[in-house]
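Written out below as structure tokens is the structure these notes cover.
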Amino acid sequence: MINLSEAAVQEIIRLRSKHQNQNSLFRLKFKSGGCCSFYYIMEFDEQLASNDRVYDCGKVKVVVDSQQLNYLNGLTLDYSEDLMGGGFRFNNPNAKATCGCGNSFSI
């Protein structure tokens, strides 16, 4: 299960409105690298693969590759703005460590 806060949903909708395809899916994944071994990637995608899992989070559908789901299951994505700017925040219960930027983790 992937969870989005209402603030994250609203920011994804805002970003998607600038994308060519207004019906595109929000893909969440990770790759090797970053400060702590892996880093999160968020992108819009029009195509589903046979091994994708789709989570309906209200006005946003989140797509996750089923092989990566073991490491992202239970993740909550939030969005907040402060004096230093806005950004997405990841709360991943599978992460053993995270870096100061919050976009990199180890498992």
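Of the set (1) at pLDDT 90 or above; (2) crowded, with 17+ Cβ neighbours inside 10 Å, all apply to Tyr40 but (1).
Just one of (1) aliphatic (A, V, I, L, M); (2) under 11 Å from the mean Cα position of the chain (by Cα); (3) farther than 20 Å from Gly86 by Cα fails for Ala8. It is (3).
Selection over the range 1-53 of residues that are touching a residue at least 24 places away in the same chain (Cβ under 8 Å) and assigned to a strand (DSSP E or B) gives a count of 13.
Residues considered: Leu15, Leu4, Leu77. Of these, the only one that is surrounded by fewer than 16 Cβ atoms within 10 Å (Cβ to Cβ) and modelled with pLDDT of 90 or more is Leu15.
The values are calculated or read from the model by the stated rules, or taken from the named source; none is laboratory data. In this text the structure is predicted, and so the values were computed from the model without any measurement. Positions of Cβ are generated from backbone atoms using ideal geometry, with glycine treated the same way; all protein chains shown enter the neighbour counts.
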